[in-house]
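Chemist: Right, I'll just put the structure down here and ask away after.
The values are calculated or read from the model by the stated rules, or taken from the named source; none is laboratory data. Fair warning: this is a prediction, and the values are worked out from it, not measured in the lab. Here the Cβ is made from the backbone with ideal geometry for all residues, glycine too, and neighbour counts use every protein chain on show.
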Amino acid sequence: MEIGTYVLVAIVVMVLIFVKMTIVIIPQSETKIIERLGRYYATLKPGINIIIPFIDHAKEIVAMKNGRYVYTNTIDLREQVYDFDRQNVITKDNIQMQINALLYFQIVDPFKAVYEINNLPNAIEKLTQTTLRNIIGEMELDQTLTSRDTINTKLRGVLDDATNKWGIKVNRVELQDITPPQSVLQAMEKQMQAERNKRAAILTSEGNKQSQILQSEGDKAAIINKAEAAKQQAILNAEGEAQARIRKAEAEAIAIGKITEAVGKSTNPANYLLAQKYIQMLNEVASGDKTKTVFLPYESSNLMGSIGGIKELFKGE
């Protein structure tokens with residue numbers, strides 16, 4: 001009776017083991033490649049799958065985990081990232097520097113990823129390194145440091161085409177670090193300092209130039225304003241003198257008219273005015289410096305005639 005119990009327990013255990021080996025549960029975003037008697041049989045989908053134990057088995061592949069190559073029979077269909085070690089590259093102008101790259105890819109065809117390449121992570125790493133060397137070798141140092149997007153685009157295009165037959169989709173490639181030699185860094189720093197000094201000198205000279213231009217324009221405007229002011233002053237002075245002469249002439253005309261009315265038509269008013277001016281001049285000469293001798297050439301007959309005219313004027317009054 002005890003032997004029968006042991007046999008029954010053994011049969012139950014074997015059935016459970018057989019059932020466990022028959023049922024394969026695949027998590028979401030993962031898959032397995034099943035081979036039957038050494039040949040490809042099926043690609044398992046997420047969920048519950050049934051296989052034949054000891055006849056069907058999952059194909060093992062090489063994967064990268066924690067920076068190491070490991071064998072596993074589960075294929076991860078999610079996007080993965082490979083952080084490659086620094087590698088030395090040489091630019092077109094023979095400058096050696098170190099570059100660290102990140103590769104984002106995704107397995108889209110598990111069958112090709114298993115059967116078209118032996119060591120997928122190693123193949124991707126070596127292809128990335130050689131492609132990156134070729135791209136950097138076609139560019140000079142300055143272009144390399146300022147064209148990361150161009151390098152990423154070219155590298156992704158080449159890797160995507162090359163890995164297509166492996167069932168891989170390269171989504172993007174990023175350059176983490178580009179490290180030139182220390183001597184090149186020092187030279188670049190000196191060059192940048194020289195460029196800054198150059199820009200500062202240019203800005204200073206431009207400022208001085210603009211200052212001189214503004215100052216000359218200000219001087220020009222001041223000269224023009226002074227000339228305009230002098231011109232307006234001269235015009236106003238001339239107009240004032242003209243108005244004064246006109247008013248004086250008008251006043252003299254009025255005076256002559258009054259004198260004519262006073263002396264009458266029988267007497268010439270010009271004689272009166274001439275005599276008046278003459279007497280006024282003699283008075284000014286007489287009141288001048290007594291030490292000087294003044295000779296006054298004149299015609300006594302004209303003077304006496306004027307005085308006579310004044311006498312007649314007084315008689316008329």
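Chemist: Quickly run through the range 55-97 and pick out the residues that are among the β-branched types (Val, Ile, Thr), assigned to a strand (DSSP E or B), surrounded by 13 or more Cβ atoms within 10 Å (Cβ to Cβ) and within 46 Å of the chain's Cα centre (by Cα). Talk me through it step by step, then tell me what you get.
Modeler: Initial filter on the range 55-97 (among the β-branched types (Val, Ile, Thr)): 55, 61-62, 70, 72, 74-75, 81, 89-91, 95.
When the remaining residues are screened for being assigned to a strand (DSSP E or B), the result is 61-62, 70, 72, 75, 81, 89-90.
Next cut, surrounded by 13 or more Cβ atoms within 10 Å (Cβ to Cβ) only: 61-62, 72, 75, 89.
Result: 89, single match.
Chemist: For the range 9-23, check the following and say yes or no: at least one residue is loosely packed, with under 10 Cβ neighbours inside 10 Å and modelled with pLDDT under 90. Steps first, please.
Modeler: At the first step, the residues of the range 9-23 found to be loosely packed, with under 10 Cβ neighbours inside 10 Å are none.
No.
Chemist: Here is a follow-up. Inspect all residues belonging to the range 253-262 and state whether any of them is surrounded by 10 or more Cβ atoms within 10 Å (Cβ to Cβ), at pLDDT 75 or above and in a helix (DSSP H, G or I).
Modeler: Looking through the range 253-262, at least one residue is surrounded by 10 or more Cβ atoms within 10 Å (Cβ to Cβ), at pLDDT 75 or above and in a helix (DSSP H, G or I).
Chemist: Among the residues of the range 1-34, write down those that are more than 24 Å from residue 73 (Cα to Cα) and either touching a Lys or Arg at 6+ places or on another chain (Cβ under 9 Å) or small (Gly, Ala, Ser) (or both).
Modeler: If the condition is that a residue be more than 24 Å from residue 73 (Cα to Cα) and either touching a Lys or Arg at 6+ places or on another chain (Cβ under 9 Å) or small (Gly, Ala, Ser) (or both), then 4, 10 are the ones that fit.
Chemist: If you check 9, 81, which single one turns out to be without any contact (Cβ under 8 Å) to a residue 12 or more places away in the chain and either touching a His at 6+ places or on another chain (Cβ under 7 Å) or hydrophobic (A, V, I, L, M, F, W, C) (or both)?
Modeler: Values: 81 fails: without any contact (Cβ under 8 Å) to a residue 12 or more places away in the chain.
9 is the lone residue from the list that is without any contact (Cβ under 8 Å) to a residue 12 or more places away in the chain and either touching a His at 6+ places or on another chain (Cβ under 7 Å) or hydrophobic (A, V, I, L, M, F, W, C) (or both).
Chemist: Oh, and also: Looking only at the range 144-169, how many residues end up being in a helix (DSSP H, G or I) and touching a residue at least 40 places away in the same chain (Cβ under 8 Å)?
Modeler: So the first thing to find is which residues in the range 144-169 are in a helix (DSSP H, G or I), and the list is 144-146, 148-162, 164-166.
With the extra rule that they be touching a residue at least 40 places away in the same chain (Cβ under 8 Å), the set shrinks to 144, 155, 159, 165-166.
Counting residues in the range 144-169 that are in a helix (DSSP H, G or I) and touching a residue at least 40 places away in the same chain (Cβ under 8 Å) gives 5.
Chemist: Oh, and also: Can you list residue pairs whose Cβ atoms sit under 9 Å apart, with the first residue in the range 176-192 being more than 12 Å from residue 98 (Cβ to Cβ) and the second being assigned to a helix (DSSP H, G or I) and not β-branched (Val, Ile, Thr)? Count only pairs 6 or more apart in sequence or on different chains.
Modeler: Once the first residue is more than 12 Å from residue 98 (Cβ to Cβ) and sits in the range 176-192, its partners that are assigned to a helix (DSSP H, G or I) and not β-branched (Val, Ile, Thr) give 188/141; 188/142; 188/145.
Chemist: Given the conditions (1) assigned to a strand (DSSP E or B); (2) without any contact (Cβ under 8 Å) to a residue 40 or more places away in the chain, which single one is not true for residue 52?
Modeler: Tallying (1) assigned to a strand (DSSP E or B); (2) without any contact (Cβ under 8 Å) to a residue 40 or more places away in the chain, residue 52 fails exactly one: (1).
Chemist: Looking only at the range 60-78, how many residues end up being without any contact (Cβ under 8 Å) to a residue 40 or more places away in the chain, among the polar types (S, T, N, Q) and closer than 23 Å to residue 34 by Cβ? Steps first, please.
Modeler: Step one: filter the range 60-78 for residues without any contact (Cβ under 8 Å) to a residue 40 or more places away in the chain, giving 60, 65-68, 70-72.
Checking the rest, the ones that are also among the polar types (S, T, N, Q) come to 66, 72.
In the following step, the residues that additionally are closer than 23 Å to residue 34 by Cβ were identified as 72.
Number satisfying all stated conditions: 1.
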